[in-house]
Amino acid sequence: MIEFLLSGEAITALITLTFLEIILGIDNIVFISIAANKLPVEQRKKATNIGLVLAMIQRIILLFFVSFLTSLKEPFYTLDNAWLHIEVSWQTLILFCGGLFLIYKSTSEIREKVEMPTHDEDEVRNKPVSTLKQAIVQILLIDFIFSIDSILTAVGMTNGLSENHNYSLMLMVLAVMISIGIMIRYANTIREFIDNNPSIQMLALSFLILIGFMLITEAAHISQTSIFGQTVGAIPKGYLYFAITFSLFVEFLDFKLKKKTTAVEEKNNTKNEDN
């Protein structure tokens, strides 16, 4: 176990997955804050922390369930004719449906953020909350909705990293625990950073499209799908890690450029005011 967790591929997957979990959890933090802010001031922090801890437990339970399904590799249905061959198992079904869901969810989220940026926030605000119990229940419901793409992302990033299924599961659980811990400690700081740099969240949603496509091809590869005799190959995860790292590096350069440009403009404005 320790040898696997200290391997380069596992560390890369853990860092990448934790980053995606945090960025994709920003909306979750916003909605949790809206629900908690309906309570008296002295109960808000308590509701947020309890809600996030219970949300972490909820995600880990869901991870175990989905991970169990993806461990069922024996085909329960085989389609074989002159032009198409597919061996369907629970693992391939979860990966394929998960890939389709991630592509749909990420494209829908991108469209909503462009056309209706406050739509979901308005819905949460309109739901009545008067007690701590009601706030925690609402937080758990909100997190359950956001857990689906989070869990599918974790499965996509770790599936096939190790022959031992439990190792990949432990990696996913570790990423969820680290990301939730960071969100509890630095929720406001992360939210302010994303508000000032919304392209980071758009970038993360775009990564989900890549992960969704990777899940679909991996499901086709594992199910030994062949169309007119041509088999489908799996996409190496190294390509995905490189794409994410390169995109973040470009975003970092753009961030530094904007910061430097702003500093120069402020300096020039100060000189003009002095003159």
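Values quoted throughout were computed directly from the atomic coordinates according to the rules given, and no laboratory measurement underlies them. Just so it is clear, the structure is predicted and the values come from calculations on it, not from any experiment. As a convention, Cβ positions derive from the backbone with ideal geometry for all residues, glycine included, and neighbour counts pool all protein chains shown.
When each of the peptides 66-73, 133-140, 15-22 is scored by the mean number of other C-beta atoms lying within 10 Å of its residues, the order from highest to lowest reads 15-22, 133-140, 66-73. Between Ser7 and Thr245, the contour length at 0.36 nm per residue exceeds the alpha carbon distance by 83.9 nm.
Coupling constants for the range 43-48 follow from the phi torsions by the Karplus curve (6.51 cos²θ - 1.76 cosθ + 1.60, θ = phi - 60°), and in residue order they are 9, 5, 5, 5, 5, 5 Hz; glycine and proline get x.
Bridging of Lys258 to lysines at a Cα separation below 18 Å is possible for Lys267, once same-chain residues fewer than 8 apart are set aside. For Lys133, the lysines whose Cα falls under 20 Å of its own Cα, not counting residues fewer than eight places away in the same chain, are Lys38, Lys45, Lys46. In order along the range 248-264, the Karplus-derived 3J(HN,Hα) couplings, from 6.51 cos²θ - 1.76 cosθ + 1.60 at θ = phi - 60°, round to 5, 5, 5, 5, 5, 4, 5, 4, 5, 5, 5, 5, 5, 5, 5, 5, 5 Hz, and Gly and Pro are given as x. Note that the chain, at 37 °C in a medium of 0.692 mPa s, gets a Stokes-Einstein diffusion coefficient of 159 µm²/s from its Kirkwood radius over C-alpha pairs. With the simple spin-label model, which puts each label point 7 Å out from Cα in the Cβ direction, the Lys73 to Val137 separation comes to 4.3 nm. Label-to-label distance, Phe144 versus Trp90, with points set 7 angstrom from Cα along the beta-carbon direction: 2.1 nm.
The Cα center of the range 1-36 and the Cα center of the range 69-97 differ in position by 29 Å.
Summary value for the chain: 32 percent relative contact order, contacts being C-alpha pairs under 8 angstrom separated by 6+ residues.
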